[in-house]
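Participant: To start, I am sharing the structure in question, which I have written as structure tokens.
The values are calculated or read from the model by the stated rules, or taken from the named source; none is laboratory data. Computed from a predicted model, the values in this text were never measured in an experiment. Note: ideal-geometry Cβ built from the backbone for every residue, glycine included; neighbour counts use all protein chains shown. The area values use the complete protein model at the heavy-atom level, side chains included, leaving out ligands, DNA and RNA. Shrake-Rupley method; radii C 1.70, N 1.55, O 1.52, S 1.80 Å.
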Amino acid sequence: MIISYYCKLCKTTFELENKTKGYNNGMKNNSPWLHQLRKDREPTKLIGDIKTDVAIVGGGIAGVSTAFFILRNTDKKVILLEGNRIGHGATGHNAGQIVSFFSRPFHDLIKEFPLEMVAQAHKLIEEDAWELLDVMYTEAGLDIPLSRFTGHFGFASKETLYSLLADNRLRIKAGLRPKEISVVDHADFLDEAEEKYSSLFKKVSHQEILDKLETKESSFIACLSEQKGVVNSALFTERVAEFLVQAYPERFSIYEHAHINKVVLHEAEAILDAEQYTIKASRVLLCTNGFDNLSIFNKSGLDIDTRFHHSLNAIVGYMSGYLEEPIRPPTAISYLYDGLTGDEDSGKPYVYLTRRAYEYNENKHNLISVGGPDISLEDRRQYEKDHEYPDWAKDELDKFVRTIYETDPGKNIDYIFTWHGLMGYTNNKLRLVGAEPKNPILLYNLGCNGVGILPSIFGGDRIARIINGEKLPPSIFDPKA
């Protein structure tokens, strides 16, 4: 069977055959995050029917974060069900960046929501979620590498600059701190920009911009700088899950290789079909991208299944990684410029790069990981996690590395890691966090909109508050009726 896919980064349509055999000649899906997980841990499997207060479907960072805050802040009994292994889904196949990025501009969100509600959502992700991350890290007694620093987003167009400056003006109006935006002091539109957006950016030398972006590519004329971080989210998830098992042995259990085929919602409980076993729960949470074979039956009212599945879009993202000497500090940088402009419908894709300390074969290195190419799937069931990594994705990222990041274009680069992951994007490009309006027995903490680490953690805390009976103010992340 031949299926066509459009790559936004390289602006090319590929016809790829029979995905179970691999998209084309390429390499394995070899994630550096999974490489660091425990190899000797035996999974706990379901061995019978279960009744519980809360059943969480999905053992990635969203599911484990949700379990953490429910167990911490309520007296509920929780089980976590993962179809594969903890942290092995999208959580183990991402870029590993910690950023407070929204997929929609601030000025676009206020067309749909009140200014105060949009501002509150940004505060929750930009400030509160970082604090919640610290709570998880500290209380779980983690010692894994987690770095925090000022990262950068570089771009070359006046249109992108004006969009970000318009957001800055609205942020100030809403009582938020403006983002730090730097513009080269010789830009030909500088007088116009100062007239329209006085005091919302600072003028710097071109070399300062290039130094922040760690590039010699002179087309970059501005950058946005803000707090970012890097962490192995799969390792983080695995270690937090281990802590929860030890800290709450009477109230928490994890079951791996537990495939949930359907969820039947009644007025007072949910029944989950886990192949030969049945799980009854007072509340059920979907925290997974593995919903492709999951059917939802609402016995107490209107259809949920069709609307839910039609509200999510599947994107496969591709990343590559190589090692270098551990000399430079951790960083996270994104790049958007004319050479990466996508088609009119998909918007402008960007390339993201992270550098962090990484142990490989018992030696210390820096891992440079880059991502950007992605393809859309009409049917998420087309995705096979073991499909080979395509040569065209590796070539596109290698081209970026050699023209933008590495100062020596002839450098021998060994991409020892090449990986891809399935991301579920909501239609409105906002994470889905809260109770299903048609039956609040079902709740969500999902949607890979923005980079998902901070939203996953924020979502877990919000779900715990809902289950604890708190009356929360409306949010832009609330599921719609």
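Participant: Which aspartates and glutamates have a Cα lying under 13 Å from the Cα of Lys202, excluding residues fewer than 8 positions away in the same chain?
Facilitator: By straight Cα distance, Lys202 reaches Glu180, Asp185, Asp191, Glu194.
Participant: Continuing with this model, one more query. What is the distance in Å between the Cα centres of the range 406-481 and the range 74-141?
Facilitator: Between the Cα centre of the range 406-481 and that of the range 74-141, the gap is 6 Å.
Participant: What list of ³J(HN,Hα) values in whole Hz, one per residue of the range 186-197 in order, does the Karplus curve 6.51 cos²θ - 1.76 cosθ + 1.60 (θ = phi - 60°) give from phi, with Gly and Pro shown as x?
Facilitator: In residue order, the calculated couplings are 10, 4, 5, 9, 4, 4, 5, 5, 5, 5, 7, 10 Hz.
Participant: I want to check the label-to-label distance for Asp143 and Leu472. Put each point 7 Å from Cα in the C-beta direction and report it in nm to one decimal.
Facilitator: 3.4 nm
Participant: Taking Cα pairs under 8 Å and at least six residues apart, what relative contact order does the range 201-289 come out at, in percent?
Facilitator: Relative contact order of the range 201-289: 12 percent.
Participant: Determine, for the range 69-188, the count of lysine pairs separated by eight or more sequence positions (or lying on different chains) whose alpha-carbon distance falls under 21 Å.
Facilitator: Number of lysine pairs found: 6.
Participant: Could you order Phe102, Phe220 by accessible surface area, starting with the largest, using a probe radius of 1.4 Å?
Facilitator: Phe102, Phe220
Participant: Near Lys438, which lysines are there with a Cα under 16 Å away, not counting those fewer than 8 places off in the same chain?
Facilitator: Excluding near neighbours in sequence, the set is Lys299, Lys480.
Participant: I would also like to ask the following. When ligands, DNA and RNA are left out and all protein chains stay put, how many square angstrom of accessible area per residue does the chain have with a 1.4 Å probe?
Facilitator: 43 Å²
Participant: Sticking with this structure for a sec: Run the numbers on the chain and let me know its relative contact order in percent, using alpha-carbon pairs under 8 Å that are six or more apart.
Facilitator: Over the chain, the number comes to 28 percent.
Participant: Tell me, in nm to one decimal, what length is gained between Phe297 and Ala247 on full extension, where the rule is 0.36 nm per residue of separation less the Cα-Cα distance?
Facilitator: Full-extension gain reported as 14.6 nm.
Participant: Further, regarding this structure: When the accessible area of the chain is computed with all protein chains present and a 1.4 Å probe, what percentage of it is carbon and sulfur?
Facilitator: 47 percent
Participant: Specify which labelled value, from (i) 24, 57, 19, 0; (ii) 25, 60, 15, 0; (iii) 20, 50, 27, 3, agrees with P(r) over Cα pairs in 20 Å bins from 0, in percent derived from the coordinates of the model shown.
Facilitator: Given (i) 24, 57, 19, 0; (ii) 25, 60, 15, 0; (iii) 20, 50, 27, 3, the calculated one carries the label (i).
Participant: Would you list Lys179, Lys480, Lys158 from the most to the least accessible area, probe 1.4 Å?
Facilitator: Sorted by accessible area, descending: Lys480, Lys158, Lys179.
Participant: Please list, or write none, the aspartates and glutamates whose alpha carbon is within less than 16 Å of the alpha carbon of Lys216, excluding same-chain residues fewer than 8 places away.
Facilitator: Straight-distance partners of Lys216: Glu208, Asp338, Glu406, Asp408.
Participant: Just want to confirm a number: the relative contact order over the range 356-481, from Cα pairs under 8 angstrom separated by 6+ residues, in percent.
Facilitator: Result for the range 356-481 is 18 percent.
Participant: Tell me the mean residue ellipticity at 222 nm calculated for the chain from its helices only (DSSP H runs of n ≥ 4, each -39500 (n - 2.57), averaged over every residue, nearest 500).
Facilitator: Taking each H run of at least 4 residues, the total per residue is -7000 deg cm²/dmol.
Participant: Give me the distance in nm between label points sitting 7 Å out from Cα along the Cα-to-Cβ direction at Lys196 and Asn363, one decimal.
Facilitator: With each label placed 7 Å out from Cα toward Cβ, I get 5.1 nm.
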